[in-house]
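Structure first, commentary second.
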Amino acid sequence: MTFYVQTYPYRRMARRWAENREGTLRINVREDEDAYVLSALVPGINADELNIQVLEDVVHIKAEQKVEADGNYLVRELPAGSLSRTLRLPASIDAEHVEADVTNGVLTLRLPKAESARPKQIRIKAS
């Protein structure tokens with residue numbers, strides 16, 4: 001009997017497991033004409049507890065969720081401990097003009113594209 005090993009489905013399962021593990025921020029990213037807008041759930045985390053770094057096309061978000069000393073939980077589903085997410089975007093980011101806001105447990109980042117990554121309109125001269 002011959003067994004064939006297919007690595008592709010296992011890689012996909014490993015990737016899904018890595019994305020769903022505790023300690024990973026869950027995000028949404030959408031693209032406007034001149035910026036990316038990233039939203040992440042950060043329940044119970046204050047703005048001063050977030051560390052956001054942008055370098056070229058990479059965004060790194062890190063937060064430390066304080067764990068209560070009381071261990072008498074009946075159910076515990078809220079994230080605790082260190083949370084982080086690193087994301088590579090398709091274009092470079094203008095780090096000087098990034099805007100961040102935390103409202104009702106949702107972090108919203110407006111990441112403007114660098115001038116070199118924006119589409120340019122080329123005017124054609126007619127002779």
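Couple of notes before you dig in:
- Viscosity 0.692 mPa s, temperature 37 °C, Stokes-Einstein D of the range 32-127 from Kirkwood C-alpha radius, µm²/s: 209 µm²/s
- Relative contact order [Cα under 8 Å, 6+ residues apart], the range 25-116, whole percent: 34 percent
Read the figures in this text as sums done on the coordinates, not as results from a lab. The shown structure was predicted, so the numbers you read here are calculated from the model rather than taken from an experiment.
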